[in-house]
Amino acid sequence: MSQATLRTDRILLVPLADEHLEDEVELDSDPEVMRYLEGRARTREEVETFHRRRLAAADRVPGLGFWAGSVDGRFVGWWILEPPENAAEGEAELGYRLLRRHWRQGLASEGARELLRHGFEDLGLDRVFAETMAVNTASRATMTSVGLRYVRTFHQEWENPLPGSEHGEVEYAITRQEWLSRGPGRA
């Protein structure tokens, strides 16, 4: 099963492809977008390396991977529903990254809700989780708004810790049963 093309009221989500590389370069070259990920903008060469990894994610588990999102034909960001390295079968990690000019418009939540719907209803996933730095309040609010619940705070060792990393990382999650029990709208 290859990745499906998905739609929301405003967003067209298509499987990430080579045609999206320039959009990814723009996205990852904004230091504010990358603030809680690397604390700095990525170089073009770094983005090209990550682009290849993002494309390869779609080969690991059928139906999962990265999606490029557009509104009115213009790239706004990407979303992921990806099998993490250490997850149990039937689990996937939810993520999103948007161009700064598209922040605070509800697009991250709208795309995330559609990926949750797709993961649980179309792919039959058992659990979806998301992680971010504890200090990333905007991403945590998005996770909560789509129905994920706080699971835990954990700490990792970083070679070059980012400001705020001393507060740890947080995990939020939702199970298929929780998602289905929410009824229409699901959040």
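Annotations for the structure displayed:
- Tallying residues that are touching a Gly at 6+ places or on another chain (Cβ under 6 Å) and of a type outside the set (Gly, Ala, Ser) within segment 128-153 yields 4.
Residue-by-condition table, conditions (1) of a type in the set (Lys, Arg); (2) touching a Phe, Trp or Tyr at 6+ places or on another chain (Cβ under 9 Å); (3) in contact (Cβ under 8 Å) with a residue 40 or more places away in the chain:
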position: Arg97; (1), (2), (3): yes, yes, yes
position: Gly106; (1), (2), (3): no, no, no
position: Ala112; (1), (2), (3): no, yes, no
position: Val128; (1), (2), (3): no, yes, yes
position: Thr132; (1), (2), (3): no, yes, yes
position: Val135; (1), (2), (3): no, yes, yes
position: Ala138; (1), (2), (3): no, yes, no
position: Leu148; (1), (2), (3): no, yes, yes
position: Val151; (1), (2), (3): no, yes, no
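- Contact annotation: residue pairs with Cβ atoms under 6 Å, 6 or more positions apart or on different chains, pairing a residue in segment 19-40 that is of a type in the set (D, E, K, R) with a partner that is surrounded by 15 or more Cβ atoms within 10 Å (Cβ to Cβ) and outside any loop (DSSP other than H, G, I, E, B), are Asp23/Phe75; Glu24/Val47; Glu24/His51; Asp28/Val47.
- Top-ranked residue of segment 89-109 - restricted to ones that are assigned to a helix (DSSP H, G or I) and not small (Gly, Ala, Ser), ranked as surrounded by the most Cβ atoms within 10 Å (Cβ to Cβ): Leu107
- For Val76, the criteria (1) at pLDDT below 90; (2) under 14 Å from the mean Cα position of the chain (by Cα); (3) outside any loop (DSSP other than H, G, I, E, B) hold in every case but one, which is (1).
- Residue within segment 138-151 that is assigned to a strand (DSSP E or B), open to solvent by 40 Å² or more (accessible area, probe 1.4 Å), at pLDDT 90 or above and of a type in the set (Val, Ile, Thr) present: yes
- Conditions (1) aromatic (Phe, Trp, Tyr); (2) at pLDDT 95 or above; (3) under 15 Å from Gly95 (Cα atoms): number failed by Tyr36: (2)
- Qualifying residue in segment 137-157 (condition: among the acidic types (Asp, Glu) and farther than 19 Å from Leu81 by Cβ): yes
- Single residue of segment 10-30 satisfying the filter (of a type outside the set (A, V, I, L, M), in a helix (DSSP H, G or I) and under 15 Å from the mean Cα position of the chain (by Cα)) that is farthest from Trp79 (Cα to Cα): Asp28
- Asn86 meets all of the listed conditions (1) touching a Ser or Thr at 6+ places or on another chain (Cβ under 9 Å); (2) assigned to a loop (DSSP other than H, G, I, E, B); (3) over 22 Å from His20 (Cα atoms) but one, namely (1).
- Filtered residues of segment 124-137 (kept if under 28 Å from Ser29 (Cα atoms), touching a strand residue (DSSP E or B) at 6+ places or on another chain (Cβ under 7 Å) and assigned to a loop (DSSP other than H, G, I, E, B)): Ala134
- The residues on offer are Glu38, Glu121, Glu48, and the sole one that is in a loop (DSSP other than H, G, I, E, B) and surrounded by fewer than 18 Cβ atoms within 10 Å (Cβ to Cβ) is Glu38.
- Restricting attention to segment 152-172, the residues that are open to solvent by less than 60 Å² (accessible area, probe 1.4 Å), closer than 12 Å to Thr132 by Cα and of a type outside the set (Ser, Thr, Tyr) add up to 6.
The values are calculated or read from the model by the stated rules, or taken from the named source; none is laboratory data. Note that the coordinates shown come from a computational prediction; the quantities given were computed from them, not determined experimentally. Here the Cβ is made from the backbone with ideal geometry for all residues, glycine too, and neighbour counts use every protein chain on show. Protein only, heavy atoms only, side chains kept; ligands, DNA and RNA dropped before computing areas. Shrake-Rupley method; radii C 1.70, N 1.55, O 1.52, S 1.80 Å.
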